[in-house]
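Novice: Have a look at this one before I ask anything.
Computed from the coordinates by the stated procedures, all read-outs in this text should not be read as laboratory data. Remember, it's a predicted structure, so these values are computed and weren't measured experimentally. Neighbour counts are summed over all protein chains in view; Cβ atoms, including those assigned to glycine, are modelled from backbone coordinates with ideal geometry.
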Amino acid sequence: MNSARINNFDLIRLVAALQVLVYHGLTHFSLNSIYQEKIKAVISYFPGVPIFFTISGFLIYKSIERNNHDLKRYFKNRLIRIFPALFVCLVFTIVLLFLSKELTVSDFFSSSFWIWILAQLSIFQFYKMPSLASWGVGHPNGSLWSISVELQYYFFLPLLFLSVFRWRRTKLIQNLTFIVLGLLSVVYASFQKTVIIESEIAGNIMGVMLFNYLYFFCIGILIYINFEFLSKFLKNKGLLWLGLFITYMLVFRNWLGLFDNIYEVSVYGVAGATLLALATISLTYTLPSLSNKLLRGNDISYGIYIYHMPIFNYLIHQQREISWQKLFLICAIVICVAYLSWRFIEKKMLQFKL
């Protein structure tokens, strides 16, 4: 294997996807256990989506930097990774909706159904059919909001390279650009949270605009741009950075109560997000062959992320109250579905990457 590709990105993404899986399981199912909220509180320290955004910031910027002269290749590779599995997941979701009797044949002739289909296969995955609000938690696959954000990021980077970086792309210009963009993102996200929007659709669109979350990506990008310098502080020091992040959360979140979570748009929230990003990249390059040894090249994180909520919704529609054993079984089913998606859809489609 190429030494440049020996890293733990697949493993870290898997851990992030499992965090989302378990957190949503504990959030949406009722276990009637005193430990349910306690476990949720612990794993909320390591939110999966900001980890995904950090990794995307790091890796996708690396990709566009290498392929900015060939945007066709860049877009083809990005879309091949996202849409084939997303399409199959949509079909899978429709089947579950039919089994739950939430969809009928007549729905195929309704405009709202086809608007929903088009939304799921574009960048508006957050859109939901009003008639499906009673299924599960109220959205067939609410987790896909982050796919909308990711896709916006994929389109945003080429615009930067065609405008700001078209003539000069020194390290100083890149650093200044993403520091400014990150700060503007924080300001926008802070402002957006104070705006009251009566229209649900407009509110949803505002809520998933890239600028709400761009600072997560910018942190990953800045780590990549300065990785030659930062690597001596990050490589093989994953446990140290993880310890620093946990200590920060315990002191500033739990003890002093200065912020609630990594998503909070405040000095303390952004500082926590930065430490989490540094810990993420550091762990990626600590024992870098660990991912390949454990996963053998199998990358099931995307499958876990996109399939878990349709499965949860189908089961919640039948019975919300479950046991711990059943929750473990449900999570195991999600992992099996994710593996099948990787083995028969995602992996095969990756052969067409340029």
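Novice: Taking Cα atoms of segment 8-141, Rg/Rh with Kirkwood Rh, to two decimals?
Specialist: 1.04
Novice: Can you give me the relative contact order of segment 139-234 as a percent, contacts being Cα pairs under 8 Å and 6 or more apart?
Specialist: Computed over segment 139-234, the figure is 39 percent.
Novice: Then there's this: Below 8 Å, C-alpha to C-alpha, sequence gap of six or more: please give me the relative contact order for the chain in percent.
Specialist: This gives 33 percent for the chain.
Novice: What does the extension gain come out to for residue 289 and residue 251, with contour length at 0.36 nm per residue minus their alpha carbon separation?
Specialist: Here the segment from residue 289 to residue 251 would lengthen by 10.4 nm.
Novice: Within segment 120-216, report the GluC sites (Glu not before Pro) that DSSP leaves as loop and that have at most 11 other Cβ atoms within 10 Å.
Specialist: 198
Novice: Toward the positive end of the charge dipole of the chain, about the Cα centre and with charges on Cβ (Lys, Arg +1; Asp, Glu -1), which of 96, 297, 31 goes farthest?
Specialist: 297
Novice: Just subtract the alpha-carbon distance of residue 351 and residue 62 from 0.36 nm times their residue separation and send over the number in nm, one decimal.
Specialist: That pair, residue 351 and residue 62, stretches by 102.0 nm at full extension.
Novice: Consider a paramagnetic label point 7 Å from the Cα of residue 227 along Cα→Cβ; state which residues of segment 263-287 have an amide N under 19 Å from it.
Specialist: 274-287
Novice: Continuing with this model, one more query. Provide 170, 27, 194, 54 in ascending order of the number of other Cβ atoms located within 10 Å of each residue's Cβ, fewest first.
Specialist: Ranking 170, 27, 194, 54 by Cβ neighbours within 10 Å, fewest first, gives 194, 170, 27, 54.
Novice: What distance in nm lies between label points placed 7 Å from Cα along the C-beta direction at residue 156 and residue 123?
Specialist: The two pseudo-label positions are separated by 1.0 nm.
Novice: Still on this structure, please answer the following. Counting Lys and Arg as +1 and Asp and Glu as -1, each charge on the Cβ, what is the dipole of the chain about the Cα centre in debye, to the nearest 20?
Specialist: In debye, rounded to 20, the chain gives about 1320.
Novice: DSSP loop (so not H, G, I, E, B), at most 16 other Cβ within 10 Å: list which chymotrypsin sites (Phe, Trp or Tyr not before Pro) in segment 131-234 pass both filters.
Specialist: Those satisfying the criteria are 167.
Novice: Quick one: dipole size for segment 180-322, taken about the Cα centre, charges +1 on Lys/Arg Cβ and -1 on Asp/Glu Cβ, in debye to the nearest 20.
Specialist: With only Lys, Arg, Asp and Glu charged at Cβ, the dipole is about 600 debye.
Novice: Could you pull out every one of the lysines with an alpha carbon less than 21 Å from that of residue 38, ignoring same-chain neighbours closer than 8 positions?
Specialist: 326
Novice: For the chain, what does -39500 (n - 2.57) per DSSP helix run (n ≥ 4), summed and divided by total residues, give at 222 nm, in deg cm²/dmol to the nearest 500?
Specialist: When only DSSP H runs of four or more count, the value is -21000 deg cm²/dmol.
Novice: Follow-up question, since we're still on this one. To the nearest 0.05, what FRET efficiency results for residue 38 and residue 79 with a Förster distance of 35 Å applied to their C-beta separation?
Specialist: The formula returns an efficiency of 0.30 here.
Novice: Then there's this: What nm distance separates the two modelled labels at residue 91 and residue 114, each placed 7 Å from Cα along Cα→Cβ?
Specialist: With each label placed 7 Å out from Cα toward Cβ, I get 2.0 nm.
Novice: Of the labelled options [x] 5, 22, 23, 16, 13, 10, 7, 4, 1; [y] 5, 22, 28, 26, 15, 4, 1, 0; [z] 5, 22, 34, 28, 10, 2, 0, which one gives P(r) over Cα pairs in 10 Å bins from 0, in percent as computed for this structure?
Specialist: [z]
Novice: I've got another one for you. Treat each spin label as a single point 7 Å out from the Cα along the C-beta direction, and report the residue 105 to residue 184 distance in nm.
Specialist: Simple spin-label model gives 5.4 nm for this pair.
Novice: Also, I was wondering about something else. Where in segment 245-286 does the amide nitrogen come within less than 14 Å of the point 7 Å from the Cα of residue 235, taken along Cα to Cβ?
Specialist: 282-286
Novice: Could you tell me which of 22, 121, 223 has its Cα farthest along the dipole of the chain towards the positive end, charges placed at Cβ (Lys, Arg +1; Asp, Glu -1), taken about the Cα centre?
Specialist: Comparing the listed Cα positions along the dipole, 223 ranks first.
Novice: Let me check against my output: what whole-number percent is the relative contact order of segment 1-112, with C-alpha pairs under 8 Å and at least 6 apart?
Specialist: Normalised by residue count, the contact order of segment 1-112 is 20 percent.
Novice: Please arrange 247, 93, 274 by counting, for each residue, the other beta carbons lying within 10 Å of its beta carbon, fewest first.
Specialist: Placing the least packed residue first, the sequence is 247, 274, 93.
Novice: Continuing with this model, one more query. What is the distance in Å between the Cα centres of segment 90-120 and segment 180-196?
Specialist: 35
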